[in-house]
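Data block below; observations after.
The values are calculated or read from the model by the stated rules, or taken from the named source; none is laboratory data. Everything numeric in this text was worked out from a predicted model, so none of it was measured. Using ideal geometry, Cβ is built from the backbone for each residue, glycine included, and neighbour counts are taken over all protein chains shown.
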Amino acid sequence: MTDPDARLARKSHHTAAILAYQASVLTENRHGLIVQTDVRSPSGHAECEAGLEMLTCLPPSRRQRTLGADRGYDVPDFVTGVRTLGFTPHVSPNPTRYRGQRSAVDQRTTRHGGYVISQRKRKLVEQGFGWQQCVGVVRKLHHRGRELVGWLFAFTSAAYNLIRMRSMLAGRPA
């Protein structure tokens with residue numbers, strides 16, 4: 001029996017396709033704590049759609065906010081959507097874009113010192129995913145259905161936040 005909500009996806013061109021979900025997180029840059037989670041069926045635009053949806057769920061702020069993202073988010077629709085929501089997109093430029101197309105992020109964003117800091121802080125997202133797969137129960141799911149998998153992913157993210165906060169309060173890196 002397979003999960004009706006999961007879809008065949010592969011991580012790279014040289015691997016086999018497996019049944020999977022697209023899990024996305026939104027973290028804050030200062031401490032690397034996970035603020036929002038989202039699980040959906042994988043597709044070509046699932047990451048960008050999830051990112052914009054998670055940004056709309058954040059409470060409004062008077063301060064200028066930034067969004068750091070990897071080169072998979074270097075899509076004009078995503079960058080303009082982030083700007084429309086009031087965020088500055090600190091997206092890594094994708095050098096392998098289609099011929100004749102340039103990066104959606106321009107010089108007005110990349111010239112600031114905050115852009116470099118934001119690019120360095122992006123690795124905090126990967127630490128959360130790594131912890132969830134090694135210590136948490138996300139590597140091999142024994143549940144079916146997007147709702148249940150989403151709950152399990154959010155629960156594992158909350159556990160990661162608790163471990164991260166414990167390490168921060170003890171004064172050592174996690």
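Structure summary
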item	result
T96 being at pLDDT below 75, out of contact with any helix residue (DSSP H, G or I) (no Cβ under 7 Å at 6 or more places or on another chain), surrounded by 12 or more Cβ atoms within 10 Å (Cβ to Cβ) and of a type in the set (V, I, T)	no
So T15, is it more than 16 Å from the chain's Cα centre (by Cα), modelled with pLDDT of 85 or more and more than 19 Å from S118 (Cβ to Cβ)	yes
From L52, L26, residue being part of a helix (DSSP H, G or I) and under 29 Å from G145 (Cβ atoms)	L52
Condition met for D74 (in contact with a Pro (Cβ under 7 Å, 6 or more places away or on another chain), surrounded by 12 or more Cβ atoms within 10 Å (Cβ to Cβ) and of a type in the set (D, E))	yes
Residue in the range 104-113 that is part of a helix (DSSP H, G or I), at pLDDT 75 or above and not charged (D, E, K, R) present	yes
Residue check, Q22 within 22 Å of A159 (Cα to Cα) and among the polar types (S, T, N, Q)	yes
Residue in the range 126-135 that is out of contact with any Gly (no Cβ under 7 Å at 6 or more places or on another chain), part of a loop (DSSP other than H, G, I, E, B), closer than 21 Å to D3 by Cα and not aromatic (F, W, Y) present	no
Residues located in the range 68-88, provided they are free of Cβ contacts under 8 Å to residues at least 40 places away in the same chain, in contact with a Ser or Thr (Cβ under 8 Å, 6 or more places away or on another chain) and either in a strand (DSSP E or B) or farther than 24 Å from G113 by Cβ (or both)	F87, T88
Residue that is nearest to A154 (Cα to Cα), among those in the range 39-57 that are touching a Leu at 6+ places or on another chain (Cβ under 8 Å) and not polar (S, T, N, Q)	M54
The range 28-66 - residue that is among the charged types (D, E, K, R) and over 25 Å from S12 (Cβ atoms) and, of those, modelled with the highest pLDDT	E53
Subset tally (residues that are loosely packed, with under 14 Cβ neighbours inside 10 Å and not in a loop (DSSP other than H, G, I, E, B)) for the range 55-66	1
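The rows are residues; the columns are (1) surrounded by fewer than 14 Cβ atoms within 10 Å (Cβ to Cβ); (2) farther than 12 Å from V25 by Cβ.
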site: L124; (1), (2): no, no
site: G128; (1), (2): no, no
site: Q132; (1), (2): no, no
site: H142; (1), (2): yes, yes
site: L148; (1), (2): no, yes
site: S157; (1), (2): no, no
site: Y160; (1), (2): no, no
site: R164; (1), (2): no, yes
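Each row is one residue, and each column tells you yes or no for (1) of a type in the set (D, E, K, R); (2) closer than 30 Å to T2 by Cα.
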position	(1), (2)
T66	no, no
D70	yes, no
P95	no, no
S103	no, no
V116	no, no
H143	no, yes
